[in-house]
Amino acid sequence: MRGHGIAWRATRLAVLLLAVARVASAGGDWNDKEIAWQGYEAGLTAAKNTKKPICLVFFTEWCPHCANYSVVFHDPKVVAQAKKFVMIRLDKDKNAALSQKYAPDGEYIPRTYFLSSAGDLDPSIRAPRDKFQYFYDEKNPEGVLGGMNEAVKKLH
């Protein structure tokens, strides 16, 4: 009987670990350990208090491009640059009004914007493309790093 108890607990633990892994991967792993992601209102307040510009990212839990893009926030250069910003990450589905507010060329996802410490969008800081201008390369950190570098120069 004792063997059944151990097997049952091991199976239960495996199911629990799979469920946790599935939740963690929904929408990607945005490196919460090294990047101080904030909500919108708290982020705006922090930016005004610290005079740091804002990096605002819209994503969704179901978007495979968002999950891919989340990986660039593990790059050591991106982590270092993120310290110069107030980092705000918003689920588009849960923040529909804000998603509409920040959609100069549509509500595709993921989208990344750079705002002044006062919360004003600088539409000129964008990815080098004609369409989906705020969609940075989802696999190469150099794309968003380019936006971050430009924002540091323009918005600090």
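The values are calculated or read from the model by the stated rules, or taken from the named source; none is laboratory data. As the structure is a prediction and not an experimental result, all values here were calculated from the model. Counting neighbours? That spans all protein chains shown, and the Cβs are built from the backbone with ideal geometry, glycine included. Note: accessible area is taken over every heavy atom of the protein model, side chains too, but ligands, DNA and RNA are not part of it. Shrake-Rupley method; radii C 1.70, N 1.55, O 1.52, S 1.80 Å.
One table, with the values for the structure above:
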read-out	value
Sparse-neighbourhood loop sites, trypsin sites (Lys or Arg not before Pro) in region 63-156 - DSSP loop, at most 16 other Cβ within 10 angstrom	Lys83, Lys84, Arg129, Lys131, Lys139
Sites Lys139 and Asp93 - FRET efficiency at Förster radius 30 Å, r taken between beta-carbons, to 0.05	0.80
Reach of Lys83 by Cα under 24 Å, taken over lysines that are not fewer than 8 positions away in the same chain	Lys33, Lys48, Lys51, Lys52, Lys92, Lys139, Lys153, Lys154
Thr45 accessible area, 1.4 Å probe, all protein chains in place, Å² to nearest 10	80 Å²
Euclidean distance of C-alpha centroids, region 80-119 and region 32-48, integer Å	11 Å
Sorted largest first, extent of region 15-137 alpha carbons per principal axis (Å)	46, 32, 28
Rounded FRET efficiency, nearest 0.05, which uses the C-beta distance separating Glu150 from Ala42 and R0 of 25 Å	0.50
Under 5 Å, built H, 5+ apart or other chain: amide partners of Gln38	Met87, Ile88, Arg89
Separation in nanometres of the label points that stand 7 Å from Cα toward Cβ, at Asp130 and Lys84	3.1 nm
Derived scalar couplings ³J(HN,Hα) [region 115-132; Karplus, 6.51 cos²θ - 1.76 cosθ + 1.60; whole Hz; x for Gly, Pro]	10, 5, 5, 7, x, 8, 5, 9, x, 7, 8, 7, 6, x, 8, 7, 10, 6
Region 41-88 - accessible surface per residue (Å², probe 1.4 Å)	44 Å²
Cα-projected label distance for His65 with Lys33, points at 7 Å along beta-carbon direction, nm	2.9 nm
